Amino acid sequence: MPVFVRRNGEMVDRATGAPMLTDDDRAKPIAVPFIMSDIPEYRSPIDGRVIGSRTQRRDDLKRNGCVEYEPSISPTKGKIRNKDFAAKRGLKVSEEFL
């Protein structure tokens, strides 16, 4: 099984230097994989532990019974309806809740 490495901005076979190709079209080079950098270090607002990686973030959320924020799971879909909450934070109440 070939091992591919990145050379000069292109994915190539480590042994032969041949470009990585798709299964469908051997004449067209495959797109380079996306590599996401890690997150900057911060203190968990939940328990104060230092979080320095995405893995630690996932573990912190799981350990404390929390989930990543998703507007789709919010009953108001991320819109603000509480006037006191909005006023305290300098935000505006969504039009549909006025």
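Every read-out reported here was derived from the displayed coordinates using simple, explicitly stated rules and does not represent laboratory data. Model, not experiment: these values are computed from the prediction. Reconstructed Cβ throughout: ideal geometry from the backbone, glycine too, with neighbour counts over all protein chains shown.
Points worth noting:
- Contact order normalised by residue count of segment 42-97, Cα under 8 Å, 6+ apart, percent: 18 percent
- Computed FRET value (nearest 0.05) for residue 93 with residue 46, which takes r as the C-beta separation and R₀ as 30 Å: 0.65
- Only the Cβ atoms of Lys and Arg (+1) and of Asp and Glu (-1) were treated as charged; on that basis the dipole of the chain about its Cα centre amounts to roughly 460 debye.
- Value of [θ]222 nm, deg cm²/dmol, for the chain, DSSP H segments ≥ 4, -39500 (n - 2.57) each, nearest 500: -5000 deg cm²/dmol
- Longest DSSP-loop-exposure-free segment, trypsin sites (Lys or Arg not before Pro), the chain, at most 15 other Cβ within 10 Å: 50-76
- Cβ crowding within 10 Å, taken as a proxy for footprinting-reagent exposure, orders 53, 72, 44 from fewest neighbours to most as 72, 53, 44.
- Longest to shortest principal axis, alpha-carbon extents of segment 42-97, angstrom: 38, 23, 16
- When the alpha carbon coordinates of the chain are projected onto the principal axes, the ranges are 66, 35, 23 Å, largest first.
- Sites listed here are chymotrypsin sites (Phe, Trp or Tyr not before Pro) in segment 35-90 whose DSSP assignment is loop and whose Cβ has at most 11 other Cβ atoms within 10 Å: 69.
- Between the Cα long axis of helix 54-63 and the first principal axis of the chain there is an angle of about 40°, rounded to the nearest 10.
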